[in-house]
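Working notes for the structure below.
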Amino acid sequence: MNNEQAIMEQLDHLGQEIAILTDSARSLQELRDDLSPRVNETVKVLIEELAEIEADVQFEDLVLLLKNLTRNVKNLTWSVDQLKNLIDFLRTVEPLLKSAVPQAIMYLDQLEQQGVFQVLSHMLRVLEKIADTYTPEDIEQIGSALVNLVGVAKKLTAPEALNLLDKVAEVPARVDLSQAKEVGPFGMLFALGNREVKQGMGVVLELTKALSLLKNGHGAEGSGA
């Protein structure tokens, strides 16, 4: 009886194991049945996609690409490291950019409101017209003349020169040429009795002496001394 009981226990244990295997096989079968349509769809889509690039990509190209990647592993590693450094740099300057970019935009907007960009646009158009009208040799000659004119303008910035030019600029507003009359020799002698005419003649004489610079340059001052 003991042997029969042992055999029965073994049979029961074996039956349990068979049941477990059966359940596992049934689960695998169900899983295969569930995945089979998905796998078939995936393979179908993959075949269709590969068919579109079949004329452009050959198996030899893929092999060559794999070889190049293998040969350039060090370069790829270096590139990844540099990309990491770049990302770290961008993360570092990001707070600065967040404050600097709006300020730059505000400054550019201020220049736009002041018309600076319009002035630059007109200046570029003027330069285009100059380039169309004059040759590079003409521009060089004009540039040399401008250097001399800058020297003349520098001399005109002296207080005495500015004072003289300011007074000369007031003369046309004070003269009424419609009241001018013909004057003969006696009229000129008579006019010399006028104090303003005497002062004017004095100014003319001083200017006449100064005009000697046009002929003798600065040497006239030395001779006058």
- Does Lys84 satisfy being loosely packed, with under 10 Cβ neighbours inside 10 Å, in a helix (DSSP H, G or I) and of a type in the set (Lys, Arg)? no
Evaluate the following for Leu90: is it over 23 Å from the mean Cα position of the chain (by Cα) and not hydroxyl-bearing (Ser, Thr, Tyr)? no
Subject >> Some residue of the stretch 58-67 being of a type outside the set (Phe, Trp, Tyr) and at pLDDT below 75 >> reply: yes
**Request:** Report yes if some residue within the stretch 95-103 is basic (Lys, Arg), at pLDDT below 85, part of a helix (DSSP H, G or I) and exposed (fewer than 10 other Cβ atoms within 10 Å of the Cβ); otherwise report no.
**Result:** yes
Considering residues that are of a type in the set (S, T, N, Q) and in a loop (DSSP other than H, G, I, E, B), the number found within the stretch 21-65 is 1
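The values are calculated or read from the model by the stated rules, or taken from the named source; none is laboratory data. Everything numeric in this text was worked out from a predicted model, so none of it was measured. No Cβ is skipped: glycine too gets one built from the backbone with ideal geometry, and neighbour counts run over all protein chains shown.
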